[in-house]
Amino acid sequence: MVKIPEEAKAVFSKQKVIPLATVTADGKPHEVFFMFWWWVDDEHMAVVENLFHKTHDNLAAKGWASVSAYDMSVHKAYHIRCKAEYKTSGPLFDVRKEKMEALMPGSTQKLPARGVWLFKAEEIYSIAPGPESGKKIA
């Protein structure tokens, strides 16, 4: 079990938009940005899928995602490698529109919210500039 440290969760929570990296079946990197997400617990992040096309295919094929966040005001940055699982029903799926509306009122009228990706933290790294950059912390 990899628990996401509270200080890492705080850095992610300060960012409105987070980069999400995946890899194609033939090994090419792919990155998008997303804003509809929330912490499920100390191990998981949920991400609403609206317009993911290549990203959906990559996650479905490989099952891995990478997210990162930074807060240079406190000189902290984190990279989380995650296993990805897609949900089109159940509790996470049921609350997706509520989470979207909380972040951007009116968004559910414009975006499909087709599903929810559940990201389980598998490895966490500090990526802040300095001698500890790249150090695995969990």
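The values are calculated or read from the model by the stated rules, or taken from the named source; none is laboratory data. Just so it is clear, the structure is predicted and the values come from calculations on it, not from any experiment. FYI the Cβ positions are ideal-geometry reconstructions off the backbone, even for glycines, and counts take in every protein chain you see. For the accessible areas, the whole protein counts, side chains as well, though only heavy atoms, and no ligand, DNA or RNA atoms are used. Shrake-Rupley method; radii C 1.70, N 1.55, O 1.52, S 1.80 Å.
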Point to revise | Counted residues, the stretch 107-138 - those being part of a strand (DSSP E or B), in contact (Cβ under 8 Å) with a residue 60 or more places away in the chain and open to solvent by 20 Å² or more (accessible area, probe 1.4 Å) | key: 4
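Residues are listed down the side, and each one gets a yes or a no for (1) closer than 29 Å to residue 110 by Cα; (2) open to solvent by 30 Å² or more (accessible area, probe 1.4 Å); (3) in contact (Cβ under 8 Å) with a residue 40 or more places away in the chain:
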{"position": "40", "(1), (2), (3)": "yes, yes, yes"}
{"position": "47", "(1), (2), (3)": "yes, no, yes"}
{"position": "69", "(1), (2), (3)": "yes, no, yes"}
{"position": "78", "(1), (2), (3)": "no, no, yes"}
{"position": "85", "(1), (2), (3)": "yes, yes, no"}
Check your understanding: So, of the residues in the stretch 23-38 that are surrounded by 13 or more Cβ atoms within 10 Å (Cβ to Cβ) and within 11 Å of the chain's Cα centre (by Cα), which turns out to be modelled with the lowest pLDDT?
Key -> 36
Exercise for review: Answer yes or no: is there a residue in the stretch 54-64 that is surrounded by 13 or more Cβ atoms within 10 Å (Cβ to Cβ) and under 19 Å from residue 128 (Cα atoms).
Suggested key: no
Practice item. Determine whether the stretch 85-92 contains at least one residue that is more than 13 Å from the chain's Cα centre (by Cα) and hydrophobic (A, V, I, L, M, F, W, C). Key: yes
Review point. Do we have residue 10 as open to solvent by 20 Å² or more (accessible area, probe 1.4 Å) and either part of a helix (DSSP H, G or I) or within 24 Å of residue 136 (Cα to Cα) (or both) here?
Key: yes
Check your understanding: Within the stretch 28-38, how many residues turn out to be in contact (Cβ under 8 Å) with a residue 40 or more places away in the chain and assigned to a loop (DSSP other than H, G, I, E, B)?
Key -> 2
